[in-house]
Amino acid sequence: MCGIVGIVGHDQATEILLQGLEKLEYRGYDSAGIYVLKQANQGFLRKASGRISNLRQEIDAKVSGNTGIGHTRWATHGQPSQTNAHPHSSADGRFYLVHNGVVGNFKELKETYLKDVTLVSQTDTEVIVQLIGYFAAKENLDAFEALRKVVGLLDESSSYALALIDQTQPEKIWIAKNKSPLLLGLGTDFNCICSDAMAMLKLTNRFVELADGDVAQLSPKQTVIEDVKGNVVKRKEFTVDQDASASEKGAYEHYMLKEIDEQPAVMRTLVQKYLQTPNAIDEKLLAAMKQAQRIYIVAAGTSYHAGLVGKELFEKLAQIPVEVHVASEFAYNPPLLAQKPFFIFLSQSGETADSRSVLVQIKEQNYPALTLTNVANSTLSREADYTLLLHAGPEIAVASTKAYTAQIAVEAILAQALGKAKDLQRANELDLAQELGKVANAMQTLVDEKYKIEQLAKQDLLTTRNAFYIGRAIDYATAIEAALKLKEVSYIQTEGFAAGELKHGTIALIEEQTPVIALITSAKTAAHTRSNVQEVKARGAQVITIVKQALATKQDQIILPDVAELLSPLVAIVPCQLLAYYASKQRGYDVDKPRNLAKSVTVE
Ligand code: M6R
């Protein structure tokens, strides 16, 4: 949450910061700001409430320089407003700071050191920069010393990625990191920083990830990193092999639709990367999983829903019991664990703070952990023992689509590999490359017929206040993901329900014209779900059925091409994603950046 950028040693600093922020807007978009330094004591602070486009309107030709920092915000402390937007500055106007994270003890720090300082914002961040100003003046510290001192005062619960400018020292930026992501980008005669490599890919593909507790000083030709003990350290450089255009919208009006449409290609990429590449899954990973008595899948939001499907895949293909946990619950109320647990973290971004908190805890117990993520070198990837990448390409829309189906496909690939390693018949007999190929074709058929879904959305979802998705067994997992998709982008209050459970209370909510979308992909449960459909119809519901071809009747509205039953969630979710997309678009909402949300949730 929140995105930060910075650059030192580039005469186009203003435009680079703005373009970088545009790339990071998925991380937060309620306000934004930049500070650009031209020369000593001549800097420009510009802030705006709302989107980066609003910030651009505040910028004129005067705002130029070769050192700068920028921020796009997802509010934690203090409402979204121009005043609360970053950068914040010290009372004497010397220091400017941007911050991603949360200061746990900001009130105590304020009371202890800043009684005589009037804070202008309601943010926790302002306390950091005011403290830097306070100690620099009181103890005659330079910027680096003051920064070190202040991050040392932040309590254990605090998280931060921050960047600081001292307006008396042009061509320098100081940064610090703990728990929140921060990359240092290396260039020729310039250096930069960003929360996500995507923001600076047009300038460089060489990056360094700071470790927690690191502080650093950047100048155009030099970077000096110090670890938490004050030792100068070298952190490993890596290159990001990603075309900057992969994160462009191209001809699409919205990223969400582009990303829905990309799913067939992602399935094919995964077949190629994992099933047609020898030894794509580390033998050591399979050996560690073979020893486990139980798998614990830990995730949040859509990734949690992918975990529910994963449970089915691991239990059926690898015959190992699986528990799926919401990360924020597990973190503070862990279940009684099996003696030999194996942890799988599912996270598109690889940065979700709730999941990371669990990872840190279970690594303290030395339990083995694997991360499935779309972002190489992300925090969860670096801190787990093993990583499997989703290879879905950048996912920009806040509503996760292609990462969800990629997570399920990778879980299927891993579950089968584990089943094969255990010599289990069902895993041995499954031709997964062929089945995922069929899934890709089925997804293609559905996205090619999106106009039908567009019509259904107009007919049934344009004005409703609430809606239900229902399904049984694995269709229930799809139902709750489908409901999350619809509610987060269209603001229709939607619940996903186990179809048989409705009549135990929730059916009381069904009124004339309430949309109920029923998912039916299994012969075993089809008749029962159809009975539930009749029950809600009898109470006036407007029903849409999403049914696999082999089970379909003439009355069904959306027909799913048949695929292997275990893989049906990959196909069933596609029309649900499209329904959510069109419901949001037809209602005139900002599909890619729904209100109150951020793509990467880096606070607990
Ligand atoms: O990056 P992660 O997969 O860890 O993110 C988890 C959730 O925040 C995320 O899936 C969220 O629920 C999406 N907005 C869903 O579309």
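Over region 541-592, the ratio between the Cα radius of gyration and 2.2 N^0.38 Å evaluates to 1.33. Measuring nothing but how far apart in sequence close Cα pairs (under 8 Å, 6+ apart) lie, relative to its length, the chain scores a relative contact order of 12 percent. The convex hull around the C-alpha trace of region 3-246, projected and averaged over every direction, spans 11.8 square nanometres. Calculated mean residue ellipticity at 222 nm for the chain: -11000 deg cm²/dmol, from DSSP H runs with n ≥ 4 weighted as -39500 (n - 2.57), summed, divided by the residue count and rounded to 500.
Taken per residue, the accessible surface of the chain reaches 39 Å², heavy atoms only and a 1.4 Å probe.
Electrostatic tally near ASP354: other residues with Cβ closer than 10 Å to its Cβ, Lys and Arg +1, Asp and Glu -1, net -1. Taking 0.692 mPa s as the viscosity and 37 °C as the temperature, the Stokes-Einstein diffusion coefficient of the chain based on its alpha-carbon Kirkwood radius rounds to 130 µm²/s. When Rg and the Kirkwood radius Rh are both evaluated on Cα atoms of region 157-311, their ratio Rg/Rh stands at 1.05. Does region 244-311 come out rounded, prolate or oblate, given a ≥ b ≥ c as the square roots of the eigenvalues of its C-alpha gyration tensor, rounded meaning a/c under 1.5 and, failing that, prolate meaning a/b above b/c? Verdict is oblate for region 244-311. Of ILE480, ILE544, the order by accessible heavy-atom surface (1.4 Å probe, DNA, RNA and ligands excluded), from most exposed downward, is ILE480, ILE544.
Excluding LEU210 itself, calculate the net charge of residues whose Cβ lies under 15 Å from the Cβ of LEU210, where each Lys or Arg counts +1 and each Asp or Glu counts -1. Neighbourhood net charge equals 0. Each peptide in 596-602, 380-386 gets a packing score, the mean of other Cβ atoms within 10 Å over its residues, and the list from highest to lowest is 596-602, 380-386. When you count the other C-beta atoms within 10 angstrom of each residue and take the mean per peptide, 284-295, 240-251, 431-442 line up highest first as 431-442, 284-295, 240-251.
The magnitude of the dipole of region 93-152, with charges of +1 and -1 set on the Cβ of Lys/Arg and Asp/Glu and taken from the Cα centre, is near 20 debye.
Taking a ≥ b ≥ c as the square roots of the Cα gyration tensor eigenvalues, with a/c under 1.5 meaning rounded and otherwise prolate when a/b beats b/c, else oblate, which class fits region 249-447? Show your work: numbers first, answer last.
Working: a/c = 1.92, a/b = 1.21, b/c = 1.58.
Since a/c reaches 1.5 but b/c is at least a/b, the shape of region 249-447 is classed as oblate.
Other residues whose C-beta falls under 15 angstrom from the C-beta of ALA288 contribute a net charge of +3, scoring Lys and Arg +1 and Asp and Glu -1. Computed from Cα atoms, the angle from the helix 125-138 axis to the main principal axis of the chain rounds to 20 degrees.
For a test of the definition: using alpha carbon positions, the gyration tensor, and the 1.5 limit on a/c, classify region 449-593 as rounded, prolate or oblate. Oblate.
To the nearest 10 degrees, how steep is helix 523-537 against the longest Cα principal axis of the chain, on a 0 to 90 scale? The angle comes out near 80 degrees. A simple charge model with +1 on the Cβ of Lys and Arg, -1 on the Cβ of Asp and Glu and nothing else charged puts the dipole of the chain at about 480 debye relative to its Cα centre. Mean projected area of the convex hull spanned by the Cα atoms of region 380-487, taken over all viewing directions: 9.6 nm².
Diffusion coefficient (Stokes-Einstein, Kirkwood radius over C-alpha pairs, 37 °C, 0.692 mPa s) for region 364-442: 230 µm²/s, rounded to a whole number. In loop segments of region 194-262 as defined by DSSP, the chymotrypsin sites (Phe, Trp or Tyr not before Pro) with at most 16 further C-beta atoms inside 10 Å of their C-beta are TYR252. Angle of helix 301-317 to the longest C-alpha principal axis of the chain, folded into 0 to 90 degrees and rounded to 10: 50°. Each peptide among 158-165, 195-202 gets the average number of other Cβ atoms lying within 10 Å of its residues, and from highest to lowest they stand as 158-165, 195-202.
Rolling a 1.4 Å probe over the protein heavy atoms of the chain, with every protein chain left in place, gives an accessible area that is 46 percent carbon and sulfur. Across region 3-246, the relative contact order, built from alpha-carbon pairs under 8 Å that are at least six residues apart, equals 20 percent. With 32 Å as the limit on Cα-Cα distance, the pairs of LYS177/LYS311; LYS202/LYS402; LYS402/LYS554; LYS452/LYS503; LYS138/LYS172 that go past it are LYS177/LYS311. Relative to its residue count, region 288-382 spans a Cα convex hull of 89 Å³ per residue. The residue among LEU502, ILE492, THR525 whose Cα reaches farthest toward the positive pole of the charge dipole of region 441-543, with charges on the beta-carbon of Lys, Arg, Asp and Glu, is THR525.
The values are calculated or read from the model by the stated rules, or taken from the named source; none is laboratory data. Nothing here was measured: the structure is a model prediction, and the numbers come from that model. Positions of Cβ are backbone-derived with ideal geometry, glycine not excepted, and every protein chain shown enters the neighbour counts. For the accessible areas, the whole protein counts, side chains as well, though only heavy atoms, and no ligand, DNA or RNA atoms are used. Shrake-Rupley method; radii C 1.70, N 1.55, O 1.52, S 1.80 Å.
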